[in-house]
């Protein structure tokens, strides 16, 4: 079983739609949580951190449920430029917080 | 430099050939990570350096993989006797420190194809 599991998609949605991605993680000692965005043939880039209280950044809302070991990302009013792969990422404490990635969920926003 | 620089951008190797991939992190970044990303998968951790010390190499898939960072800045990932299953994008990331408090910056990666 992978440490971080995501629905691979693809999600094909029309412009303006609301789309939600879910992610589960297996290590209860996980300490930090992120969503990264990766465009085709590009490097991953941090989209947002995820906090237990939930957090919002413009059209993007992230939620964390530590009891269920579940993370979500909601994108409202999706734009063509939101088309990308969204990677759920966790870190476990230690000498270095290496990032553990899910396989990613592919999103295509259609005109 | 302004970002993490990786070279070469693309590498085609014949099976059995040795390859060396270079990562030039952001100046002053203490921590450096190598990841391997196979097609359709998320990046997987290979190894971690704090300055010149390799503190974690638990993700290296075999003893054909070797990484170094002798002066605590530039790092090289070497793969000996490449196999087809080594075909992947190799990503380097650096951070000001090891806990990711200030975030991680990824390079554009080296796409390795073993034929």
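Readers should treat all values here as calculations from the given coordinates under stated rules, not as data from a laboratory. Bear in mind the structure is a predicted one, so any value in this text is a computation, not a measurement. Reconstructed Cβ throughout: ideal geometry from the backbone, glycine too, with neighbour counts over all protein chains shown.
Given a Förster radius of 45 Å and the C-beta distance between residue A:12 and residue B:57 as r, what FRET efficiency does 1/(1 + (r/R0)^6) yield to the nearest 0.05? Don't skip to the answer; put the middle values down first.
Details: r = 40 Å, r/R0 = 0.89.
Computed FRET efficiency for residue A:12 and residue B:57 comes out at 0.65.
Could you give the nm distance between label points at residue B:66 and residue A:81, where each point is 7 Å from its Cα heading toward the beta carbon?
4.6 nm
Over the Cα atoms of chain B, compute the convex hull volume and normalise it per residue, giving Å³.
Details: hull volume 10.7 nm³, N = 115.
Cα convex hull per residue, to the nearest whole number: 93 Å³.
Kindly give Rg over Rh for the range B:1-51, based on alpha-carbon atoms, with the Kirkwood expression for the hydrodynamic radius. Intermediate values should be presented prior to the final figure.
On the way: Rg = 13.0 Å, Rh = 12.9 Å.
Rg/Rh for the range B:1-51 comes to 1.00.
If R0 is 22 Å, what FRET efficiency do you get for residue B:20 and residue B:83 from their C-beta distance, rounded to 0.05? Display every interim value, and only then the final one.
Working: r = 16 Å, r/R0 = 0.74.
Step by step, r from the Cβ atoms, then E = 0.85.
Using alpha-carbon pairs under 8 Å, 6+ residues apart, how would you state the relative contact order of chain A in percent? All intermediate terms of the calculation are to be shown ahead of the outcome.
Numbers: 278 pairs, mean separation 41.8, N = 111.
So the answer I get is 38 percent.
What is the Cα centroid distance between the range A:10-51 and the range B:51-115, reported in whole angstrom?
Comparing the Cα centres of the range A:10-51 and the range B:51-115, I get a distance of 23 Å.
Which FRET efficiency value, to the nearest 0.05, do you get for residue A:42 and residue B:113 by plugging their Cβ-Cβ distance into 1/(1 + (r/R0)^6) with R0 = 25 Å?
Values: r = 18 Å, r/R0 = 0.71.
That gives a FRET efficiency of 0.90.
What does the C-alpha gyration tensor say about the overall shape of the range A:38-111? Classify as rounded when a/c is under 1.5, otherwise prolate if a/b is larger than b/c, or oblate. Present the calculation step by step, with values, prior to reporting the outcome.
Numbers: a/c = 2.29, a/b = 1.37, b/c = 1.67.
Judged from the Cα gyration tensor, the range A:38-111 comes out oblate (a/c at least 1.5, b/c at or above a/b).
So what is the relative contact order of the range B:45-92, in percent, for Cα pairs below 8 Å that sit 6 or more residues apart?
Values: 59 pairs, mean separation 13.2, N = 48.
With pairs under 8 Å counted, the relative contact order is 27 percent.
Can you give me the convex hull volume of the Cα atoms of the range B:20-82, divided per residue and expressed in Å³? Intermediate results must be reported in sequence, preceding the final value.
Details: hull volume 5.6 nm³, N = 63.
So the per-residue hull volume is 89 Å³.
Which whole-percent values make up P(r) of the protein assembly as shown when all C-alpha to C-alpha distances are grouped in 5 Å steps starting at zero?
1, 7, 14, 18, 18, 16, 12, 8, 4, 1, 0
Before anything else, pin down the relative contact order of chain B: Cα pairs under 8 Å, at least 6 apart, normalised by residue count, whole percent.
Numbers: 299 pairs, mean separation 41.6, N = 115.
Relative contact order of chain B: 36 percent.
Among B:33, B:66, B:49, which one shows the biggest mean-square fluctuation in a GNM of chain B, springs joining Cα atoms closer than 10 Å?
It is B:66.
Label points 7 Å out from Cα along the Cβ direction at residue A:67 and residue A:5: separation in nm?
That separation, rounded to one decimal, is 2.1 nm.
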